[in-house]
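Notes for the one structure printed next.
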Amino acid sequence: MPRGGDKWRLLTANRGFRRFWAGRTTSIAGNQLARVALTVLVYQLGGGAAGVSVLLLAFIAPRLIGPLAGLVADRVDSKRLMVTCDLAQAALFAALAWVRWWPGVIMLVLAASLCATLYFPAGRGNIPALAGRENLARANALLAIGANAGLAAGPALAGLLLALGGPGAALLANAATFVVSAALTIR
C-alpha cells in the first residue's frame, strides 16, 4: 500500500506521464464544458428537446466504432494520431462557435466525437510506455482522478463562460483545451 505522498509520485517524477495526464484532464474538462454549451446552443438555435437528444446521441454514436479505432491506433504512429485528433477537435470546436444551424452543430459534433474515439485507444496504448508496466495500476488510478476532476470542473466552467460570453466563448475555450493537449503530447 502506498504511503501518503507515494500515490502522487508518478505525476511528480515522470514528466511524460504528467504531460499526458494534464492534457487528458484539461481535455476532459473542456469536453464537459462543450457538452453544456452545445446543449444550450442547440436549444437556442431551435432544436428543442429533440435536437438536444440528437446532440447527445452524436456525442456517443461514434463510440460504436471503438474496436475499429483500436485497429487504426495499432497500425499508425500513436503520438501522431493523438496530436492529429487533438488538433482536428480544436478546429471543429472552434468552428462550432460560429455555427448557427443546429443540424450543422450535430454534424460537427459527430466529426469531433469520431476524433475522440480514434484518440482514446492511441492514448491508452501509450500508458505502459509512459508510466512503466510496474506503475500501470497507479497510472490508471491517477488518470481516473484526473477524468473525474475534469468531469466535475467542466460544467462549472461552462456555467461561468456561458454567463460571461455565451456558447461561443465556451466552445472556443474547449478548442483551446485540445491545443493544450496537442502541445503537451508533442513534448
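Go through (1) among the hydrophobic types (A, V, I, L, M, F, W, C); (2) open to solvent by 60 Å² or more (accessible area, probe 1.4 Å); (3) modelled with pLDDT of 95 or more one by one and return the number of the condition A129 breaks.
Single failed check for A129: (3).
So L11 ticks every box in (1) open to solvent by 30 Å² or more (accessible area, probe 1.4 Å); (2) farther than 18 Å from S113 by Cβ but one. Which box is left unticked?
Result: L11 passes all but (1).
Name the residues in region 145-165 that are free of Cβ contacts under 8 Å to residues at least 60 places away in the same chain and either open to solvent by less than 50 Å² (accessible area, probe 1.4 Å) or of a type in the set (D, E, K, R) (or both), would you?
Matches in region 145-165: G165 only.
In region 28-53, how many are part of a helix (DSSP H, G or I) and either of a type in the set (S, T, N, Q) or in contact (Cβ under 8 Å) with a residue 60 or more places away in the chain (or both)? Steps first, please.
Restricting attention to region 28-53, the residues satisfying the condition of being part of a helix (DSSP H, G or I) are 28-44, 48-53.
So of that shortlist, the ones also either of a type in the set (S, T, N, Q) or in contact (Cβ under 8 Å) with a residue 60 or more places away in the chain (or both) come out as 28-42, 44, 53.
Here the count works out to 17.
Just to be sure before I move on: is L71 of a type outside the set (S, T, N, Q), loosely packed, with under 15 Cβ neighbours inside 10 Å and modelled with pLDDT under 95 in the structure I sent? Show your work before the answer.
Details: of a type outside the set (S, T, N, Q): yes; loosely packed, with under 15 Cβ neighbours inside 10 Å: yes; modelled with pLDDT under 95: yes.
In short, yes.
Filter region 1-53 down to the residues that are within 24 Å of V83 (Cβ to Cβ) and small (G, A, S) and list them by number.
Answer for region 1-53, where residues must be within 24 Å of V83 (Cβ to Cβ) and small (G, A, S): G16, A22, G23, S27, A29, G30, A34.
In region 112-126, which residues are open to solvent by less than 40 Å² (accessible area, probe 1.4 Å) and closer than 18 Å to A34 by Cα?
Selection gives A112, S113, C115, A116, T117, Y119.
Just one of A95, A91, A49, A61 is in contact with a Ser or Thr (Cβ under 9 Å, 6 or more places away or on another chain), open to solvent by 30 Å² or more (accessible area, probe 1.4 Å) and modelled with pLDDT of 95 or more; which is it? First the steps, then the outcome.
Values: A95 fails: in contact with a Ser or Thr (Cβ under 9 Å, 6 or more places away or on another chain); A91 fails: in contact with a Ser or Thr (Cβ under 9 Å, 6 or more places away or on another chain); A49 fails: in contact with a Ser or Thr (Cβ under 9 Å, 6 or more places away or on another chain).
Exactly one of A95, A91, A49, A61 is in contact with a Ser or Thr (Cβ under 9 Å, 6 or more places away or on another chain), open to solvent by 30 Å² or more (accessible area, probe 1.4 Å) and modelled with pLDDT of 95 or more, namely A61.
Run down R80, R24, R15 and say which single residue is farther than 17 Å from G146 by Cα and either free of Cβ contacts under 8 Å to residues at least 40 places away in the same chain or not hydrophobic (A, V, I, L, M, F, W, C) (or both). Before you say what the answer is, go through the steps one by one.
Working: R24 fails: farther than 17 Å from G146 by Cα; R15 fails: farther than 17 Å from G146 by Cα.
R80 is the lone residue from the list that is farther than 17 Å from G146 by Cα and either free of Cβ contacts under 8 Å to residues at least 40 places away in the same chain or not hydrophobic (A, V, I, L, M, F, W, C) (or both).
Note down all Cβ pairs under 6 Å where the first residue falls in region 174-185 and is under 17 Å from L151 (Cα atoms), the second is surrounded by 21 or more Cβ atoms within 10 Å (Cβ to Cβ) and among the acidic types (D, E), and they're at least six residues apart or on different chains.
F178/D86; S181/D86
The values are calculated or read from the model by the stated rules, or taken from the named source; none is laboratory data. Note that this is a predicted model, so its numbers are computed, not measured. Ideal geometry is used to build each Cβ from the backbone, glycine not excepted, and the neighbour counts take in all protein chains shown. The protein model used for the area step is the full one, side chains on, heavy atoms only, and it has no ligands, DNA or RNA in it. Shrake-Rupley method; radii C 1.70, N 1.55, O 1.52, S 1.80 Å.
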